[in-house]
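Take a look at the structure below.
The values are calculated or read from the model by the stated rules, or taken from the named source; none is laboratory data. Quick caveat, the model's predicted, so the values are computed rather than measured. Cβ sites come from the backbone with ideal geometry, for glycine too, and all protein chains shown count toward neighbours.
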Amino acid sequence: MNPSEQVVLITGASAGIGAALAKALAHRWTGIRLVLAARSQDKLTHVADQCSKAGAEVITVPTDMADVAQVEALAQTAIAKFGRVDVLVNNAGYGQMGPIELIPAAAVQRQFQVNVLGTIALIQALTPVMRSQGGGKIINVSSLAGRIAFPFGGLYSASKFALEALSDSLRRELSPFNIQVSVIEPGPVSTEFFDVINREVDDKIPNGGLNSPYRAAFENLENLDKITRRQAWTSEQVAKVIIEAIRVPRPRCRYVAATAGDLTIFMMTKLLPTRLVDLFWQKFYKIDLVAKDWKNQHKAG
């Protein structure tokens, strides 16, 4: 189909990559039909107004991706309005930082409900629709953290590793129906993502982890945040990569959206010995200082 005639459903569309993608699509293809989903109706309305002014036809559907009933209602609303969905962009997701030991069970569950289970529910709801209409595209926004796990990011990485595996299986299962599946792998992105991470640490871990055995690593998070932000892409840069996957007839299986991202993945997963990779990440996240603290405490005791 001509892109301007397509229906594109974007989750996590109220800010960051999702909002940038919606606005970029509206400006690129006049008349494109957009279904925008996120939790905040006010933020969705603001994004939708900008897209409408650019010539897109837009509906907003407030949706908590952790609630399967709301996710299924999102799919039903999109079909009721437009009769089809040509491109599904599973962008909704968030991260949390901290050692796996200290993350409360409820926070673990929500991490997977939002990043994985909600995505699965939406794909299940829309796959029969895409098959009956002759095809479609599913674009899952993962992360470099879906290829490389690092300290203090274990739960986020686990959810993104799951999304990567899900995408590989879907790509092989759905190809007979002309449903193409691609993964977008951003590195650091200048969005509210970092602010959410900081709030999650403050809300979920007593005293921000400063009374825990991982104190040295928690003290380093602010400095780590500054380093990461300097390397970050803008949401608009990542949106361009997603648009490329939408635009081309045969999109790639994976698109890395990070400076030197392909090289980083190759070095960390193929070239360097695992032990050396472990030492690098432990040094970067100051886990080496955690070890020193622990030894000193035992000596003092």
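Please find, among LEU263, LEU271, LEU276, LEU210, the residue that is surrounded by fewer than 14 Cβ atoms within 10 Å (Cβ to Cβ), at pLDDT below 90 and not aromatic (Phe, Trp, Tyr). Working first, answer last.
Working: LEU263 fails: at pLDDT below 90; LEU271 fails: at pLDDT below 90; LEU276 fails: at pLDDT below 90.
Just a single option satisfies the conditions, and that option is LEU210.
Is it the case that ILE17 is surrounded by 21 or more Cβ atoms within 10 Å (Cβ to Cβ) and hydrophobic (A, V, I, L, M, F, W, C)?
Numbers: surrounded by 21 or more Cβ atoms within 10 Å (Cβ to Cβ): yes; hydrophobic (A, V, I, L, M, F, W, C): yes.
When the stated conditions are applied, ILE17 passes them.
Listed here are the residues, each with its yes/no results for (1) modelled with pLDDT under 95; (2) surrounded by fewer than 20 Cβ atoms within 10 Å (Cβ to Cβ); (3) among the basic types (Lys, Arg); (4) out of contact with any Lys or Arg (no Cβ under 6 Å at 6 or more places or on another chain).
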residue	(1), (2), (3), (4)
GLN111	no, no, no, yes
ILE123	no, no, no, yes
PRO128	no, yes, no, yes
ILE138	no, no, no, yes
SER143	no, no, no, no
ALA149	no, yes, no, yes
LYS160	no, no, yes, yes
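As an exercise: evaluate GLY95 against (1) under 18 Å from the mean Cα position of the chain (by Cα); (2) small (Gly, Ala, Ser); (3) modelled with pLDDT of 95 or more and give the number of the one condition it does not meet.
The failed condition is (3).
Of all the residues that make up segment 213-258, how many are closer than 23 Å to ALA22 by Cα and either buried (at least 17 other Cβ atoms within 10 Å of the Cβ) or in contact (Cβ under 8 Å) with a residue 24 or more places away in the chain (or both)?
Selection size over segment 213-258: 24.
Please give the helices (runs of 4 or more DSSP H) falling wholly within segment 150-257 in which 3 or more residues are under 25 Å from SER40 (Cα atoms) and within 18 Å of the chain's Cα centre (by Cα).
Numbers: elements: 154-174, 193-204, 215-219, 221-231, 235-247.
Those helices (runs of 4 or more DSSP H) span 154-174, 193-204, 235-247.
Acidic (Asp, Glu), in contact with a Leu (Cβ under 9 Å, 6 or more places away or on another chain) and closer than 14 Å to MET97 by Cα - does that describe any residue in segment 209-219? Give the steps one after another, and end with the answer.
Taking segment 209-219 first, the residues acidic (Asp, Glu) are 219.
Next cut, in contact with a Leu (Cβ under 9 Å, 6 or more places away or on another chain) only: 219.
Still in the running and closer than 14 Å to MET97 by Cα: 219.
Within segment 209-219, one or more residues are acidic (Asp, Glu), in contact with a Leu (Cβ under 9 Å, 6 or more places away or on another chain) and closer than 14 Å to MET97 by Cα.
I need the full set of residues from segment 272-296 which are closer than 18 Å to ARG215 by Cα and either outside any helix (DSSP H, G or I) or touching a residue at least 40 places away in the same chain (Cβ under 8 Å) (or both), in order please.
So the first thing to find is which residues in segment 272-296 are closer than 18 Å to ARG215 by Cα, and the list is 281-296.
Once the filter is applied, which keeps residues that are closer than 18 Å to ARG215 by Cα and either outside any helix (DSSP H, G or I) or touching a residue at least 40 places away in the same chain (Cβ under 8 Å) (or both), segment 272-296 yields TRP281, GLN282, PHE284, TYR285, LYS286, ILE287, LEU289, VAL290, LYS292, ASP293, TRP294.
Which ranges mark the strands (runs of 3 or more DSSP E) fully within segment 27-145 that have 2 or more residues being within 29 Å of ALA165 (Cβ to Cβ) and in contact (Cβ under 8 Å) with a residue 12 or more places away in the chain? It would help to see each step written out before you state the result.
Details: elements: 33-38, 57-62, 87-90, 136-141.
It comes to 33-38, 87-90, 136-141.
Looking at (1) at pLDDT 95 or above; (2) under 30 Å from SER14 (Cα atoms); (3) buried (at least 19 other Cβ atoms within 10 Å of the Cβ); (4) not acidic (Asp, Glu), find the lone condition where VAL189 falls short.
(1)
Residue-wise test of (1) within 22 Å of ILE179 (Cα to Cα); (2) modelled with pLDDT under 95; (3) in contact with a Gly (Cβ under 7 Å, 6 or more places away or on another chain).
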| residue | (1), (2), (3) |
| --- | --- |
| ALA20 | no, no, no |
| ALA26 | no, no, yes |
| LEU34 | yes, no, no |
| ALA38 | no, no, yes |
| VAL47 | no, no, no |
| VAL61 | no, no, no |
